[in-house]
Structure formats: C-alpha cells, structure tokens
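The next block holds one structure in the form of structure tokens; read it before the comments.
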Amino acid sequence: MNRGGWLDIRFRIHLLFWAVIGLSVVTGHFLEVITLFVIVLIHELGHVAMARELGWTVKEVQLLPFGGVATMEDSYATDPMDEIVVALAGPFLNMVMMAASYLFWFMGLWTEEWARFFLVSNLTIALFNLLPIWPLDGGRILLAVLCWFMSYRQATMISMTGSTLFAGIMVGMSSLELKYNLAVIGIYLLTLNIQAFLRFPYQFFRFLMEKYDRQREEAAVQAIRVHPEETVLAVSHKLRRGCSHLFYVQGAGLLAEEQLLYALLFEQKHDAAVGKLL
C-alpha cells in the first residue's frame, strides 16, 4: 500500500490558532503560545508517523490550539486495533515530553517554573485529546472499541451521537461558567460532529470501497446469517471493520463479501434481494 512521503503531507494552521498567536503578542505570552504550538505539532507528528508505519496515507494535518486533525485515507476499514494505536501515538509523545521536562529540570537546564509549565501543558493537551469526542483521539478510540462489538455503521452512529452530546455539554458547561475559550472549542467540535452526520453517507461509501479493496488483506472471516429477502444495502449495514464476511443466506447458500460489495458498488443492486445474487 502506498504510504506517500512526508513532503506530500500538507500542514495547515487553523484560523483559531492564528487568532491565539495574535492575542499572545498583545498580552505578552508569545513564548508560551509558541511552545504550545510546538507541543501540538509533535503530538500530531506522532499520529502521522504511526499511521504511515501502518501503511495509511496522510493527506493533511490541521493544527489547532488544543490538538490537531489529521486527514487520512485508507483508514476507514482498517483493524480497530490499528486505529487505537494511531490515536494513542499522540498522547504517548506528550508523556515522553513530560518526562523530558522533568529530566531537563533535574539536570538544571530548565527552571522549575518553565518545566512545570511544559509538563502541565503536555498533560492538558493529552487529557483533552482523550475526551470521547470525535475527531479527538478519545473519540477515535471509542469508535474503534465499538467496532469490535458491532457493525461499522452502527458503531459510527453511536460514536457520532455520543460525540455530539459531549460537545454540546462542553458548550453548555463552559458558557455557564463563563469559560469562553472552552466554549469556542466546544462549538467548533459540535460543528464538526454535525457536519460528520451530514457526510456519513459519503463516509460509509468510502468504507465499502475500502472493504472491497482489502479483500485479500483481511485474514479473519466472520459468518453472518441473513434472510434471502434482505436487500443488498441492508446487509451491507452489517459489515464490520478489520475482517471479511461470509453470509449464510437461509435456504439459498453462501454469499462472499466480495460478491455483495460488487453487486452494491458496481452493479447498483442496492434494493435487490441477497437471495437473488446466488
């Protein structure tokens, strides 16, 4: 699988980050904000490095004050464990930087005040990104865990619903407590999740296309019993990440996942009964 090169990845700084940098110049906290920028960048490079190691194609990294959003291809139908490993790579580097801050203070290279700032900043960014809100690392981990127990479509809908709810709670609580910085971040995450709901049909199509392309890569096979009158589209909603499927069509025989996906994606037999594919 083509991983692409580091030079092919586009790094983009979100307008919100530029606004924070501009404000830091006015308030005299430029060094602290630039340090946060570097921490966020290293956090995201952890995701990118692990994703490329697993063969994913990383197209863009958008940097935000509280983290970043990496746009990756070929990752919708991957093994859920791969998703978890990629998601944890960023917080892992935050832990490494926390250990480095203590080491530099112990060696006398940093003052206690600066080491504490660096440590607390890394801890805050790591913990915030582990919140169960998509597209934060915690939201991606939650989706991957759900994919172990249910179909990709069902897991994604539950994950997006929970993410939207958590983002709404963040906006409400931060507004009540007059924490406008958190309210802005919450509104941004809420907007992303609403957009994700609207784009889900396209995302599910990408998942199906990747499932079809990965037929020979998926070693695990799961058997699913289906009724012969169920439509091809309805049966596709039962597909899971990280494995191939063999459908036992009652009274008709066995149907391979590849046959189902070919009928759906290339023959446009969305409403055809799966029994008629045999």
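Label-to-label distance, ILE34 versus GLU73, with points set 7 angstrom from Cα along the beta-carbon direction: 3.6 nm.
Overall shape of the chain was characterised from the C-alpha gyration tensor. The equivalent ellipsoid obtained from it has semi-axes of 42, 20, 15 Å, in decreasing order.
Counting only protein heavy atoms and a probe of 1.4 Å, the accessible surface of segment 121-278 is 64% carbon and sulfur. Separation of segment 76-124 and segment 36-53, taken as the distance between their Cα centroids, equals 11 angstrom. Note that segment 186-202 has calculated 3J(HN,Hα) couplings of x, 4, 4, 5, 4, 4, 4, 6, 5, 5, 5, 4, 5, 8, 4, x, 5 Hz, one per residue in order, obtained from phi through the Karplus relation 6.51 cos²θ - 1.76 cosθ + 1.60 (θ = phi - 60°); glycine and proline are x. In segment 110-267, the ratio of gyration radius to Kirkwood radius, Rg to Rh, stands at 1.14 when only Cα atoms are counted. Value of Rg to Rh for segment 127-185, rounded to two decimals, is 1.07; Kirkwood radius and Rg both from alpha-carbon coordinates.
Only helical runs count toward this figure. For the chain, summing -39,500 (n - 2.57) over DSSP H runs of n ≥ 4 and dividing by all residues gives -20500 deg cm²/dmol at 222 nm. Using only alpha carbons, segment 183-235 has a radius of gyration to Kirkwood radius ratio (Rg to Rh) of 1.18. Of the chymotrypsin sites (Phe, Trp or Tyr not before Pro) in segment 97-155, which ones lie in a loop per DSSP and count no more than 16 other C-beta atoms within 10 Å? Those satisfying the criteria are TRP148, PHE149.
The values are calculated or read from the model by the stated rules, or taken from the named source; none is laboratory data. Quick caveat, the model's predicted, so the values are computed rather than measured. Note that we place each Cβ from the backbone using ideal geometry, even for glycine, and neighbour counts take in every protein chain shown. Protein only, heavy atoms only, side chains kept; ligands, DNA and RNA dropped before computing areas. Shrake-Rupley method; radii C 1.70, N 1.55, O 1.52, S 1.80 Å.
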